[in-house]
Amino acid sequence: MNYPVIAEHILATAQGAWWSRRRRRDDVPHLPPGAIYVFRVGGNYRLYPEGMVFDPSHPDVLDASSVSLVDTRARLVEVERTLPSVSEADKFTVRASFTCQVTDPIVIARQGIIDVTVPLRAYLMGDGDLPRVSAGHRVEEVNAVRTEVNHRMTAYSAIVPPRVAGMGVEFVSAEVHASDDLRDWEQKLRDERRSWELQRGQRDFETQDALRIAELLSQGSDHVDAFGIARKEIDVTEAAARIHRVTEETSVRRHAAETSDRTHAQVRETAEAQMRRDMLLTLLRQMGGSEYVDYHQVLEQVLRETGGQAAPGVGSAAGTARMVEPGPARPGRTETGRDGSRDPQGGFVKDEGDLVD
């Protein structure tokens, strides 16, 4: 760092008679903004008048053996020092800031202070108690170390202020940084955390968007079409044509479904009626060989089941059935009594005792 002395140059002896001696302008370096010339004449250092246009014939310029360019502007200078931690593998870095400004350019040129950080670093290293502040902390406890180091440096600079000859120096602040490995690790954790939070935010947005779309769809296609038309994503003519087409298709499907239901109901009723007729016909056929049948009651039941119309085959089955009438039995037909004997009366009860089991 070239501060406060920006540059130093050796000047050759000016040639010529004493009344005609002059230096070339190129022999003396140009002065940057905020700097001044300090010429060494013999064993003394002389300041070139500030603000005066450079004169190659000025006596100090002619007799000077060297020139120093001194920066007189205030600067913020930072110096660093490492501090130990609990672990030997990790260290803290203290970066102290100082404000510096040249107050006496001649002293600065005589001292030849090209880099002001050298005396300031020596000042910072002069605090022997500063390492004790950080030695009891782990490297992860850098925030606690920052607080204690700032308190220590404030007290130290108040008791032992920094001094550089020819300059005004003041302590400003102290920053504590952890090792590069810890910084890289914390940055990696931070990036991973931010990435995770970004993904979670994206999922939340997607969920909210899905819920909004689901709510929109639950309100029906007409609402969806209206939303699309409002956002100019659906054409009104196309939406109307599609709604008309869907309405016609729905009407056709409904009519087909109603027709199918009626046909199915008719087929089912017909099948049920046929099944009842078949059952009655079977019953009548089975009763044809029985003598004790009330055909009048059976006929009424048949008429009720068939709606007043005799089932096919019922008349023939009833005609073939033998009516029960009082009188003699048919010749050659005998009935078996309760005791197994043949009754020549054709199954008629002889007395009332036979009716009791």
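The values are calculated or read from the model by the stated rules, or taken from the named source; none is laboratory data. Everything numeric in this text was worked out from a predicted model, so none of it was measured. Using ideal geometry, Cβ is built from the backbone for each residue, glycine included, and neighbour counts are taken over all protein chains shown.
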Discussion item. Being aromatic (Phe, Trp, Tyr) and modelled with pLDDT under 85 is the filter here; which residues of the stretch 7-47 pass it?
Written reply: 18, 19
Worksheet item: Would a scan of the stretch 186-208 turn up a residue that is in contact with a His (Cβ under 6 Å, 6 or more places away or on another chain) and either part of a helix (DSSP H, G or I) or within 26 Å of residue 100 (Cβ to Cβ) (or both)?
Response: no
Practice prompt. Output the number of the condition that residue 144 fails; it satisfies all remaining conditions of (1) surrounded by 14 or more Cβ atoms within 10 Å (Cβ to Cβ); (2) within 30 Å of residue 46 (Cα to Cα).
Written response: (2)
Worksheet item: Does any residue of the stretch 14-26 turn out to be more than 27 Å from residue 123 (Cβ to Cβ), among the hydrophobic types (A, V, I, L, M, F, W, C) and touching a helix residue (DSSP H, G or I) at 6+ places or on another chain (Cβ under 6 Å)?
Response: yes
Practice prompt. Can you give me the number of residues within the stretch 143-177 that are part of a strand (DSSP E or B) and hydrophobic (A, V, I, L, M, F, W, C)?
Written response: 7
Discussion item. Can you find, within the stretch 134-162, the residue that is farthest from residue 84 (Cα to Cα) among those that are small (Gly, Ala, Ser) and without any contact (Cβ under 8 Å) to a residue 24 or more places away in the chain?
Written reply: 158
Response to the item:
Of the candidates 124, 83, the one satisfying the condition of being part of a strand (DSSP E or B) and buried (at least 17 other Cβ atoms within 10 Å of the Cβ) is 83
Discussion item. Which numbered condition in (1) within 60 Å of the chain's Cα centre (by Cα); (2) part of a strand (DSSP E or B); (3) not hydroxyl-bearing (Ser, Thr, Tyr) is the only one that residue 38 fails?
Written reply: (1)
